[in-house]
Amino acid sequence: MCKFYFASSQKRKSEAKFVKNKKVFEWLTRLPDTFDYSCFIEPSWPGSGQSAFILFSQTMIFNIEVRNWHGYIKGGTRDNWFVDRKNMKENPLLHSIYMAESLKIYLSEIYLTLVPESIKVYPIVVLPMTRPEMYTPRNDPHGWAKVLTDEQQLIDAIEKSSSEGAIIGGNMIEDIASLLNLKRLSLDELRAIVDKYMSKEQR
């Protein structure tokens, strides 16, 4: 079962973003037990913004960005993205790639034995409100970055990529969580955060 860690600082701001991305969170709770997964929810680190999820398998790290956009979406690694052919959006794929590179540099700074080239961080953008047939890639290669629209795509991408890379120790993950002011919470505790936040919003 995946272990989850949540921000203990700037709690209100992190809760709002977490609740917004709760659909992808539920997908991650259903990862199979093939690997020992750990997931950081709404983490931030020096020199970066805030990521939706950082997922560690035993061999790979994934930076997962979420965009809850509705409609027909077109986009790739270059230029802005289009929603329903008219609304230009910032490029989440480039942002995910930037965050992945930023995380690699940060980890190499706190673990001096590592170099950025030896750390594999896989950029992923998830569009949970969009059906697969409603996303059109631009005519430029994504390379190793992925744009995914449903639960099975996400799980398959994580499982396939987790078969590669070096072993990431559990102690390292606990150390990083502590440095980023993240606290391990159970699924019940995380779902209670969602329920409590949504009940406040409905008042």
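The values are calculated or read from the model by the stated rules, or taken from the named source; none is laboratory data. Only a predicted model underlies this, so the values are computations on that prediction, with no experimental measurement involved. Reconstructed Cβ throughout: ideal geometry from the backbone, glycine too, with neighbour counts over all protein chains shown.
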Considering (1) under 16 Å from I155 (Cβ atoms); (2) modelled with pLDDT of 90 or more; (3) touching a strand residue (DSSP E or B) at 6+ places or on another chain (Cβ under 8 Å), say which one M60 fails and leave the rest.
-> (2)
Note on the range 1-29: residues within 17 Å of Q58 (Cα to Cα) and not hydroxyl-bearing (S, T, Y) are M1, C2, K3, F4, L28
So, of the residues in the range 10-27 that are without any contact (Cβ under 8 Å) to a residue 40 or more places away in the chain and either of a type outside the set (D, E) or under 21 Å from L103 (Cβ atoms) (or both), which turns out to be surrounded by the most Cβ atoms within 10 Å (Cβ to Cβ)?
-> S14
Six or more apart or on different chains, Cβ under 9 Å: which pairs go from a residue in the range 161-184 that's closer than 18 Å to P46 by Cα to one that's basic (K, R) and modelled with pLDDT under 85? Could you list them?
-> none
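Of the residues that make up the range 83-102, is at least one farther than 23 Å from K20 by Cβ and touching a Leu at 6+ places or on another chain (Cβ under 8 Å)?
Checking the range 83-102: not a single residue is farther than 23 Å from K20 by Cβ and touching a Leu at 6+ places or on another chain (Cβ under 8 Å).
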If you check every pair at least six apart or on different chains, which have Cβ atoms under 7 Å apart with a residue in the range 82-110 that is closer than 20 Å to D175 by Cβ and modelled with pLDDT under 90 first and a residue that is surrounded by 17 or more Cβ atoms within 10 Å (Cβ to Cβ) and among the aliphatic types (A, V, I, L, M) second?
-> K104/I119; K104/V121; L107/I119; S108/I119
Restricting the range 160-194 to residues that are among the β-branched types (V, I, T) and part of a loop (DSSP other than H, G, I, E, B), the one modelled with the highest pLDDT turns out to be I168
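With the condition kept exactly as written, say whether any residue in the range 22-30 is touching a Lys or Arg at 6+ places or on another chain (Cβ under 6 Å) and either in a loop (DSSP other than H, G, I, E, B) or not aromatic (F, W, Y) (or both). Give the derivation first.
Here is the first cut: in the range 22-30, the ones touching a Lys or Arg at 6+ places or on another chain (Cβ under 6 Å) are none.
No - not one qualifying residue is present in the range 22-30.
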